[in-house]
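The values are calculated or read from the model by the stated rules, or taken from the named source; none is laboratory data. Source: prediction; values computed, not measured. Glycine gets a Cβ as well: all are built from the backbone with ideal geometry, and neighbour counts include every protein chain shown. Ligands, DNA and RNA are stripped out before the accessible areas are found, and what is left, the full protein with its side chains, is counted by its heavy atoms. Shrake-Rupley method; radii C 1.70, N 1.55, O 1.52, S 1.80 Å.
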Amino acid sequence: RRTIHYRRGMPELPDVDLYVEHLARRLDGAALERARIASPNLLRTVEPPLASAEGRRVRGVRRMGKRIVLALDGDLFLVFHLMIAGRFRWRERGARLPGKVGLAAFEFTSGTLILTEASTRQRASLHVVAGESGVRALDPGGIEPLDASLDTFRAALLREDHTLKRALTDPRLFSGIGNAYSDEILHRARLSPLRRTV
């Protein structure tokens, strides 16, 4: 039994990268045998149906902003957004779904991936999409802050007139930064979150 615990608040870039690393190790090459959805709020797409993912093998796991993307055989993708309170738990095959917080269970040949959300609002989401174009349609388009040059980072920061905190947490400008890490960035830089970018 294994649960990956992170800081309180929404999983952000480093946290999601850790999820991707752990999930890739467990899921790469494994086939999805069955998907059990307990919360009707979780699944945000109708076509292709989630059932069409069953029987397909995982061909890759990656991060897109704060989303986790599972690439399956046949150019099909499961795109998860954990939001503030969503968490993944890895369990043995056939594991039961937790009563109050369990949103879904995905039974793979290597084990069961359980999605929980300790919130009454249930904001976590799952999109089932076909093709890379379907994945790109869910990407807000922000730059990767750890890969960007100083000039690219500066250009994104100055693109619109916002407070520094609002700019850093805008997924259209920067990929994967949320409240917790924006606070740490601004604290380290000794800058007020209320300072304007322009």
Can you show me the helix-derived [θ] at 222 nm for the chain, built from DSSP H runs with n ≥ 4 at -39,500 (n - 2.57) apiece and divided by the number of residues, rounded to the nearest 500. -6500 deg cm²/dmol
Just the number please: accessible area per residue for the range 38-154, 1.4 Å probe, all protein chains included, in Å². 49
What's the center-to-center distance, using Cα atoms, between the range 49-119 and the range 124-198 in Å? 25
Quickly work out the S119-to-A148 label distance, labels modelled 7 Å from Cα along the C-beta direction, and quote it in nm with one decimal. 2.4
Please work out which option in (i) 17.7, 54; (ii) 18.3, 58; (iii) 19.1, 64 gives Rg and Dmax of the Cα atoms in Å calculated from these coordinates, and answer with its label. (i)
DSSP loop (so not H, G, I, E, B), at most 16 other Cβ within 10 Å: list which GluC sites (Glu not before Pro) in the range 47-150 pass both filters. E54, E92
Of the heavy-atom accessible surface of the range 7-139 (probe 1.4 angstrom), what whole percent is carbon and sulfur? 48
FRET efficiency, 1/(1 + (r/R0)^6) with R0 45 Å, evaluated for H22 and T163 via beta carbons: 0.85
Using +1 at the C-beta of Lys and Arg and -1 at the C-beta of Asp and Glu, which of T112, T45, P145 has the Cα lying farthest in the positive direction of the dipole of the chain? T112
Given unit charges at Cβ for Lys, Arg (+) and Asp, Glu (-), the dipole magnitude of the range 55-194 about its Cα centre in debye, nearest 20, is 520
